[in-house]
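Working notes, structure below.
The values are calculated or read from the model by the stated rules, or taken from the named source; none is laboratory data. Worth saying up front: this structure is predicted, and the values here are computed from it rather than measured. Quick reminder, even Gly has a Cβ in these numbers, built from the backbone with ideal geometry, and neighbours come from all protein chains shown.
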Amino acid sequence: MAIPSGSESIEISLDSPERFLNRELSWLEFNARVLDEACSGSVPVLERAKFLAITTSNLDEFFMVRVAGLERETHSEHLIRSSDGLTSQEQLDAIALRTRRLLRRQYDCWHRQVKPALRESGIDVVAREDLTEPDRRHLESWYEDDLFPVLTPLAVDASHPFPVLSNAGLYLAVTVEAAPDALAPDIDLILIQVPSVLPRFVRLPANDDQTRLILLEEVIRLHSSDLLSGYRILDIQGFRVTRDSDLSLADENVLNLPEAIQAELRHRKRGTAVRLEVERRMASPLVDRLRDALDLRRDSVYRLPPPLNLSALFELVELPGFSLLRDEPLPPLPPEHAPGDGETWFDVIRREDVLLHHPFQTFDIVIELLEQAAVDRRVLAIKQTLYRTARDSRVIQALVKATENGKQVTVLMEVKARFDEERNLDWARKLEEAGAHVVYGVAGLKTHCKALLIVRREPDGIRRYVHLATGNYNENTAKLYTDLGLLTAREEIGEDVPALFNVVTGYSRPGAWNTITVAPLDLKNRTIDLIERETRLGTVARRGRIVCKMNSLVDEDIIDALYQASQAGVQIDLIVRGICRLRPGVRGLSETIRVCSVVDRFLEHTRVFYFQNGGDEEVYLSSADWMRRNFHARIEAMFPLLDSDVVRVAQAGLEAVLRDNVKSWVLQADGEYRRLQPGDRRRIPFRILDAAPSGDEPFRSQIELYRWFERRQRKKKTEPATFHPHRRAPDR
């Protein structure tokens, strides 16, 4: 049943499937919010092109994984329904309808808004018919020298079966008529892959104040008669295939996990087709021929205006220059707690906990700590989990150096990190060659927690230095994603983290934890306990308060616990970037729950959980979203913030997002999102930032939070240094 907007008049019971929004449609709503940034005239035009590219790459992965999974379910012997009551086929039908609307808007944005704005700003994507004679001479030379050698036409006829097409590769389908004396006169179709080894946008001659480009497939079209001599070309149309790319091992207890992953990666390239995108003018008989060859249903075909695959717009975003067409630079700020003369990061962390908020504060601190540990004669051992790393990773380089310097280095390399499997296997081999101990994940689970342990012998004994975080050890994405990382030398955390590593590297049974909570052991139960504690407080004194920030809210048991907390009067603010299956604001079910989502220049990635606890506030960070897979199929860690200033920094981040009225969206009970406007009523539990309490002025959270860190840094420089060995938040 469709829930109308303003559904406070609608009653939904705690046992009704309607209490959950559909996961897949909720994700598509997130991608629509990303697309809205591309369509916004207030966003610089190259940033708008970037959001168009992100929308496409997001949608590709959605089809490769989520839609592919639903397609597999439709072939099951049993009827499978989602917890919101839809069958797999009903979900596929709804996805196709919503996706077509999204794509129409995306291409309208490119052709009517972004492309003309780029042309006015000096970046002109030229059509083939607009080429000048100098352009054609330039392209003739480039075609002969660079393009022709890498093109491979593939004929399709009785003796040339339909080839296996690359996942997400762009192809041209050329319908031809062969000459009577041709070697194969029956050929009527030739496929040409647009080579991914060359730039998608080819430069044309231009003045210094202008950049002129043409799409690579247009250059192929321009020279198709030369390439296919002996044929009369009737038509050329582009198409693209998306395949099932979810990697799953039939047997998690394989003898050689790296070899099994490599075999699965080879299979991924030939996975079952789940989507066919064609240029909209492709003749229907040719569409049917391609569809039959790929064994696809009609509703899996998407007719689009060219160019297919707008993720190629990332190339435009990376053009040098054009600073006025980009966001104002916000370079990562140096740390507030920098080492003094003759000090290292070990001295700083021994004095006080340090909470880093990326990308506002630099991730280089974590790398510098690792690099210092690699050469420090007192460091005995380094242990680290790695899920996603940079292509040219300084983290890996530091670990290799530490190994070469005789440190005992243990790395849990998660080789099942989706779409990063091959890179992680390569890094694992490099670490093993250097002499590090590499553990290839845990059977049946993905290791998703972000943990670093450095063991150091000091004059007063062994000390453990720990980094726990919400994001990956990737210095590139740390400039693009918002994440939090805690550096600490606290004994209670320092005792827990070695036990965590023993669990994931030696499968040992853990004892009692001092501070951290680990999935799949007890994270879900602990989370529900924290929510139920607020529920009891809300029932007794109407004082319960929960503020949580995450990427996705999917788990049904957690959602039901939040509904029960709302019914007890607990005020709940949920900041959920992407998927949210909870319906907020429904009378008798979720009246006190508000859900917002911020989409801005940085990808919101922090996972922060605040519980008022009757005034004895608790704040936790975690690597885990509130999803079933995170609670049951991954190794995750949640940990408390125990330093009062660190707690304040985390609360400031929550406050900033709750104040946002420029890039914030509010979820309605029907599953749609509405942009928050200045003057809209909001609930602000913290008063840390320098902001007007009324909320009538525009407030863009990411910009305002960066400015707040700038002010803190300036203030820190003027304050005398003080020694405060681990300030404590109020005792529990």
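Take A417 and decide whether it is assigned by TED's automatic domain parsing to the domain that holds N476, at pLDDT 95 or above and small (G, A, S). Taking the combined requirement at face value, the residue does not satisfy it. Being among the charged types (D, E, K, R), at pLDDT 95 or above and farther than 25 Å from I559 by Cβ holds for only one residue in E77, E61, E47, and it is E47.
The set of residues in the range 243-282 that are touching an Asp or Glu at 6+ places or on another chain (Cβ under 6 Å) and either part of a loop (DSSP other than H, G, I, E, B) or at pLDDT 65 or above (or both) comprises L247, G271, T272, V274.
So how many residues does the range 524-547 have that are polar (S, T, N, Q) and either touching a helix residue (DSSP H, G or I) at 6+ places or on another chain (Cβ under 6 Å) or part of a loop (DSSP other than H, G, I, E, B) (or both)?
Summing the residues that are polar (S, T, N, Q) and either touching a helix residue (DSSP H, G or I) at 6+ places or on another chain (Cβ under 6 Å) or part of a loop (DSSP other than H, G, I, E, B) (or both) in the range 524-547 gives 1.
In the set A374, A398, only one residue is touching a residue at least 24 places away in the same chain (Cβ under 8 Å), part of a helix (DSSP H, G or I) and either assigned by TED's automatic domain parsing to the domain that holds S644 or touching a Leu at 6+ places or on another chain (Cβ under 6 Å) (or both); that residue is A398. Here the condition is being surrounded by 19 or more Cβ atoms within 10 Å (Cβ to Cβ) and under 27 Å from the mean Cα position of the chain (by Cα); of P359, P334, it holds for P359 alone.
Among the residues of the range 61-87, which ones are polar (S, T, N, Q) and touching a Phe, Trp or Tyr at 6+ places or on another chain (Cβ under 7 Å)? Outline the logic, then answer.
Looking only at the range 61-87, we keep the residues that are polar (S, T, N, Q), and these are 74, 76, 82-83, 87.
If the condition is that a residue be polar (S, T, N, Q) and touching a Phe, Trp or Tyr at 6+ places or on another chain (Cβ under 7 Å), then S83 is the only one that fits.
Candidates are the residues of the range 409-461 that are touching a residue at least 12 places away in the same chain (Cβ under 8 Å) and within 18 Å of W345 (Cα to Cα); the one that is surrounded by the fewest Cβ atoms within 10 Å (Cβ to Cβ) is E458.
Listed by first and then second residue, the pairs with beta-carbon distance under 7 Å, at least 6 apart or on different chains, first residue in the range 217-228 and in the same structural domain as A127 (by TED's automatic domain parsing), second aromatic (F, W, Y), are V219/Y143; H223/Y143. The set of residues in the range 671-706 that are under 25 Å from the mean Cα position of the chain (by Cα) and among the charged types (D, E, K, R) comprises E672, R674, R675, R700, E704.
Going by the conditions given, is E315 in contact with a Lys or Arg (Cβ under 7 Å, 6 or more places away or on another chain), touching a residue at least 24 places away in the same chain (Cβ under 8 Å) and part of a loop (DSSP other than H, G, I, E, B)?
Values: in contact with a Lys or Arg (Cβ under 7 Å, 6 or more places away or on another chain): yes; touching a residue at least 24 places away in the same chain (Cβ under 8 Å): yes; part of a loop (DSSP other than H, G, I, E, B): no.
Against the criterion (in contact with a Lys or Arg (Cβ under 7 Å, 6 or more places away or on another chain), touching a residue at least 24 places away in the same chain (Cβ under 8 Å) and part of a loop (DSSP other than H, G, I, E, B)), E315 does not qualify.
You will find that of L484, L521, L530, the residue that is surrounded by 15 or more Cβ atoms within 10 Å (Cβ to Cβ), at pLDDT below 95 and out of contact with any Cys (no Cβ under 6 Å at 6 or more places or on another chain) is L521 and no other. Total residues in the range 571-608 satisfying the condition of being in a loop (DSSP other than H, G, I, E, B) and either touching a residue at least 40 places away in the same chain (Cβ under 8 Å) or out of contact with any strand residue (DSSP E or B) (no Cβ under 6 Å at 6 or more places or on another chain) (or both): the figure is 20.
When residues in the range 183-220 are screened for being assigned to a helix (DSSP H, G or I) and under 26 Å from S159 (Cα atoms), 1 of them pass. The set of residues in the range 564-583 that are buried (at least 24 other Cβ atoms within 10 Å of the Cβ), farther than 19 Å from V619 by Cα and over 19 Å from the mean Cα position of the chain (by Cα) comprises S566, L582, R583. Taking the range 102-141 only, how many residues are assigned to a helix (DSSP H, G or I), touching a residue at least 40 places away in the same chain (Cβ under 8 Å) and more than 27 Å from D60 (Cβ to Cβ)? Final tally of qualifying residues: 6. Listed by first and then second residue, the pairs linking a residue in the range 703-730 that is loosely packed, with under 13 Cβ neighbours inside 10 Å to a residue that is modelled with pLDDT under 85, with Cβ atoms under 8 Å apart and 6 or more places separating them unless they lie on different chains, are R711/D690.
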